[in-house]
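Each remark here refers to the structure printed beneath this line.
The values are calculated or read from the model by the stated rules, or taken from the named source; none is laboratory data. Here the structure is a predicted model, which means the values were calculated and not measured. Cβ placement follows ideal geometry from the backbone for every residue including glycine, while neighbour counts extend to all protein chains displayed. Note: areas computed on protein heavy atoms with side chains; ligands, DNA, RNA excluded. Shrake-Rupley method; radii C 1.70, N 1.55, O 1.52, S 1.80 Å.
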Amino acid sequence: MVYDILRKYGIRGGYHDQHFLIDKRILDKIVEAADIKPDEIILEIGAGIGNLTERLMDKAAHVIAIERDPELVDVLKDRFGDSDKLTIIHGDVLEVDFPPFDKVVSNLPYSISSEITFKLFRYNFKLGILMYQYEFAQRLVAHANSKDYSRLSVNAHYFADTSMIMKIPKGAFSPPPEVLSAVVEIIPRPADFEVLDEKYFLDFVTAVFGQRRKKMRNSILRNKQLLGIEDMNEFINELPEELLNLRPENLEPEQFAQLANTMFRHKQK
Ligand code: SAM
């Protein structure tokens, strides 16, 4: 059926991140994971030819589908245009404002995974079931002391609980991509640690992961200008010695917050 739709509309994909999910079993499992209630509004980013859209519309009160490619928007309109359960937004996901939604379920354009994920964290929603490139998904869900733990992991843990729920083979798509994929469950929640200034915290995490093999002490000294602390050479001795001797990959998110908060307070003096 999914192949029929590609053929009917003469869509080939393979460029602009266009790899259409054609494995019905996986499409069903994604929708199942979203546990959609009949009163919920679902956001879908990069709806493509609508194979996931169709299944989301079956379960939800309403689906908001964002798609940038005009040819695919025409396919979506042709398939579902007369349904009052669907709003199609023709535009770039990074430029449009999202209307209120309960859950986001999408097979994302992989080249802008990070930008989309952090844009989503600015909105209020209950659950995300999102397909990413496998390596990106690994970094998104990684915990401290693992090789995939990165700036992305710390940022994600600040905003949400994340877990990988499915690994997807290349053959599940048409055309098959060159990379493996994975579905991640994202449950947004307030962090269980305090962050005095969100931008300062996130910039600090980015700066120290820029030198992930260096101990925190060296990274902090190297970034004293970016951190806005002129007297860092002296002030650094007020930061906990045991954290300064670790590498970024060994710090828990709350330990980054502890350091960022202390430096931020000092900077404000
Ligand atoms: N949801 C479909 C599926 O599962 O078969 C298509 C997924 S495909 C990986 C990603 C989709 O995102 C494509 O339809 C592509 O045109 C669309 N897309 C790429 N960049 C986009 C952007 N910046 N804004 C909105 N849609 C975009």
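Based on the Kirkwood approach, the hydrodynamic radius assigned to segment 123-220 is 15.0 Å, with every pair of different Cα atoms included. When each of the peptides 71-83, 17-29 is scored by the mean number of other C-beta atoms lying within 10 Å of its residues, the order from highest to lowest reads 17-29, 71-83.
Taking only protein heavy atoms and a 1.4 Å probe, what accessible area per residue, in Å², does the chain have with all protein chains in place?
With all protein chains present, the chain gives 48 Å² per residue.
Here the average projected area of the convex hull drawn through the C-alpha atoms of segment 28-73 stands at 2.9 nm². Annotation for E115 and E242: the two label points, set 7 Å from Cα along the Cα-Cβ direction, are 4.2 nm apart. In this calculation the C-beta distance from T206 to E234 is compared with R0 = 22 Å, giving a FRET efficiency of 0.35.
Over all distinct Cα-Cα pairs of the chain, the Kirkwood formula returns a hydrodynamic radius of 20.1 Å. Directionally averaged projected area (segment 164-269, Cα convex hull): 9.1 nm².
For segment 261-269, backbone phi angles converted through the Karplus equation (6.51, -1.76, 1.60; θ = phi - 60°) give residue-by-residue couplings of 4, 5, 5, 5, 4, 5, 4, 6, 5 Hz, Gly and Pro being listed as x.
Relative protection proxy for 242-248, 259-265, from highest mean packing down: 259-265, 242-248 (other beta-carbon atoms within 10 angstrom).
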